[in-house]
Amino acid sequence: MKISFLIHNAYGIGGTITTTFNLAAALAERHEVEIVSVLRHREHPNLTPHPRVRLRALVDLRREKDHPLFGRPAKVFPSAEYRHHQYSELTDQRIAECLADIDADAVIGTRPGLNVHLALQAPEHVARIGQEHLTLDNHPPALRTALRRAYRRLDVLTTVTDADAASYRRKMRLPGVRVEALPNSVPDPVLPAADSTARVVVAAGRLVPVKRFDLIIEAFARVAAEFPDWQLRIYGKGEEQERLRAQIETLGLWNNVFLMGAATP
């Protein structure tokens, strides 16, 4: 069987990229697997794909920012989707061409906007699988409306939790679409489990509002008050960095909470 993943940008770092690479590697043991990255902004990916997983990109941002279609907003990728500003008529065109010519048995979309492309443009003979890495309630109403219309043409929709799968079944009314919970793929750990002697808590992710790092900092203020020798180290980068730094200062946690920047692995 040939399986294709359609992902936003496989050359960055993040949870969706990591779990996609993990799942692709596991599937590559028994199937032909490729990862199709809509965007590419660097020569080599931050994460190393499995040697049997093919990686290709549709739009190379290093060379195609002057393309006449690049400056025009996307029409297929839903405007209410968080990443819409990074999509264009050029990505609309390249994704449509990719799906029209796809020779895979199954194509897996990895974010709402790409699932819409998949639902509307993949050939009928291809198994169309949409992955959700956020939760339904996290999507704005306009996006939920767009997804309700498009997702009816998927074959399968996966969520990362049973609770969110139940939410999709109850609220979205997707007749004929199989909705299943599929937790993020994580390989067996190569390091021993922590024994708590280091007295360090680690959190990692994009520093954006939806990740709620402000909440863990607020909670850790109560921890530090009782256990001042413990630390919280937050790994990641994003638009919330300065606001989180200000929160750390306001709470007087400069000896307990540290913004470590992005790191991989």
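Odds and ends about this structure:
- Qualifying position, being assigned to a helix (DSSP H, G or I), on the phi < 0 side of the Ramachandran plot and either open to solvent by 20 Å² or more (accessible area, probe 1.4 Å) or not polar (S, T, N, Q) (or both), among 23, 6, 47, 39: 23
- Residue within region 214-221 that is surrounded by fewer than 17 Cβ atoms within 10 Å (Cβ to Cβ) and among the aromatic types (Phe, Trp, Tyr) present: no
- Candidates 132, 242 - the one that is in the same structural domain as residue 16 (by the TED database) and charged (D, E, K, R): 132
- Just so you know, in region 77-96 the residues that are of a type outside the set (S, T, N, Q) and part of a helix (DSSP H, G or I) include one that is surrounded by the most Cβ atoms within 10 Å (Cβ to Cβ), and it is 95.
- Screening residue 1 against (1) within 15 Å of the chain's Cα centre (by Cα); (2) open to solvent by 30 Å² or more (accessible area, probe 1.4 Å) leaves a single unmet condition, (1).
- Conditions (1) in a strand (DSSP E or B); (2) over 14 Å from residue 10 (Cβ atoms); (3) open to solvent by 10 Å² or more (accessible area, probe 1.4 Å); number of the one not met by residue 56: (2)
- Residues of region 105-124 that turn out to be outside any helix (DSSP H, G or I) and surrounded by 21 or more Cβ atoms within 10 Å (Cβ to Cβ), as a count: 6
- Only one of the listed residues (135, 161) is surrounded by fewer than 16 Cβ atoms within 10 Å (Cβ to Cβ) and touching a Pro at 6+ places or on another chain (Cβ under 9 Å). That residue is 161.
- Filtered by the rule that a residue be under 30 Å from residue 103 (Cα atoms) and open to solvent by 50 Å² or more (accessible area, probe 1.4 Å), region 145-158 gives 148, 149, 152, 153, 155.
- Residue 148 touching a helix residue (DSSP H, G or I) at 6+ places or on another chain (Cβ under 9 Å), free of Cβ contacts under 8 Å to residues at least 40 places away in the same chain and not assigned by the TED database to the domain that holds residue 208: yes
The values are calculated or read from the model by the stated rules, or taken from the named source; none is laboratory data. Quantities reported herein were computed from a predicted structural model and do not represent experimental measurements. Reconstructed Cβ throughout: ideal geometry from the backbone, glycine too, with neighbour counts over all protein chains shown. Just the protein is used for accessible areas: all its heavy atoms, side chains included, with ligands, DNA and RNA removed. Shrake-Rupley method; radii C 1.70, N 1.55, O 1.52, S 1.80 Å.
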